[in-house]
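Right, one structure below, let's go through it.
The values are calculated or read from the model by the stated rules, or taken from the named source; none is laboratory data. Keep in mind the model is a prediction, meaning the values are calculated, not measured. Using ideal geometry, Cβ is built from the backbone for each residue, glycine included, and neighbour counts are taken over all protein chains shown. Accessible surface is based on the protein model in full, side chains and every heavy atom, while ligands, DNA and RNA are left aside. Shrake-Rupley method; radii C 1.70, N 1.55, O 1.52, S 1.80 Å.
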Amino acid sequence: MIDRNQEDLLLELLNTTPVVAGSTRDALGTPSEGRAWARQHGGSGASDELSYLIAARDALQDVVRGEREPACLGEFLKGVHSIPDIADGKLEWSLQVPATRRMAVESVLTWASLQETKPGRLRPCANPQCQRFLLDRSKPNSARWCSMAECGNRMKARRHYQRAKEARNS
């Protein structure tokens, strides 16, 4: 079962390529930034780990945006095993994956779990100038923006300006 921390980590990974001052900024884009991000999120920061993580992030972003089919994520799960064990009278599963691939694999597995348990709740921000994603945890599943303070406010202000402009021109 995927927990909220894993969901949050997936969302943070997806949001490592925000648009800042009109251009995309990649939080994993340089080796030092990528190492720092991975270490901050429980990884080692090794170059192989970053390569897998960036490839998984790019594929996941495309899948969530509908630009690629989910089948493309299968490559990240090759050679991965889940081993059952009984601990304290409960069945537990442990993931068997090389350490350099763990973060990428866990991100794909978290995405798959969200698709199953919360379909349609992980999606891109509705602001066309934004490249961030949101995980809608609201009961009505009606969130549209990654942040109401940023994108939501901007989009509402644009619509208001457009309506006012059309009213003046009528």
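Things worth noting here:
- First in the stretch 108-137 and within 13 Å of GLU150 (Cα to Cα), second anywhere and assigned to a loop (DSSP other than H, G, I, E, B) and among the β-branched types (Val, Ile, Thr), Cβ under 9 Å, 6 or more apart: GLN131/THR17; ARG132/THR17
- Screening the candidates GLU67, GLU116 for the property of being modelled with pLDDT of 95 or more, outside any helix (DSSP H, G or I) and open to solvent by 80 Å² or more (accessible area, probe 1.4 Å) yields one hit, GLU67.
- Residues considered: SER113, SER142, SER138. Of these, the only one that is within 15 Å of LEU10 (Cα to Cα), out of contact with any strand residue (DSSP E or B) (no Cβ under 8 Å at 6 or more places or on another chain) and of a type in the set (Ser, Thr, Tyr) is SER113.
- Of the residues making up the stretch 41-53, those that are within 17 Å of VAL97 (Cβ to Cβ) and not in a loop (DSSP other than H, G, I, E, B) are ASP48, GLU49, LEU50, SER51, TYR52, LEU53.
- Meets criteria (open to solvent by 70 Å² or more (accessible area, probe 1.4 Å) and either at negative phi or touching a strand residue (DSSP E or B) at 6+ places or on another chain (Cβ under 7 Å) (or both)) for PRO98: no
- Cβ-Cβ distances below 7 Å connect the following pairs, each with a first residue in the stretch 15-42 that is of a type in the set (Phe, Trp, Tyr), a second residue that is surrounded by 13 or more Cβ atoms within 10 Å (Cβ to Cβ), and a separation of six or more residues or different chains: TRP37/THR16; TRP37/ALA27; TRP37/LEU28.
- Residue within the stretch 16-29 that is touching a helix residue (DSSP H, G or I) at 6+ places or on another chain (Cβ under 8 Å), of a type in the set (A, V, I, L, M, F, W, C) and in a helix (DSSP H, G or I) present: no
- In the stretch 128-146, the residue that is least open to solvent (accessible area, probe 1.4 Å) out of those that are within 17 Å of ARG25 (Cα to Cα) and either basic (Lys, Arg) or assigned to a loop (DSSP other than H, G, I, E, B) (or both) is CYS130.
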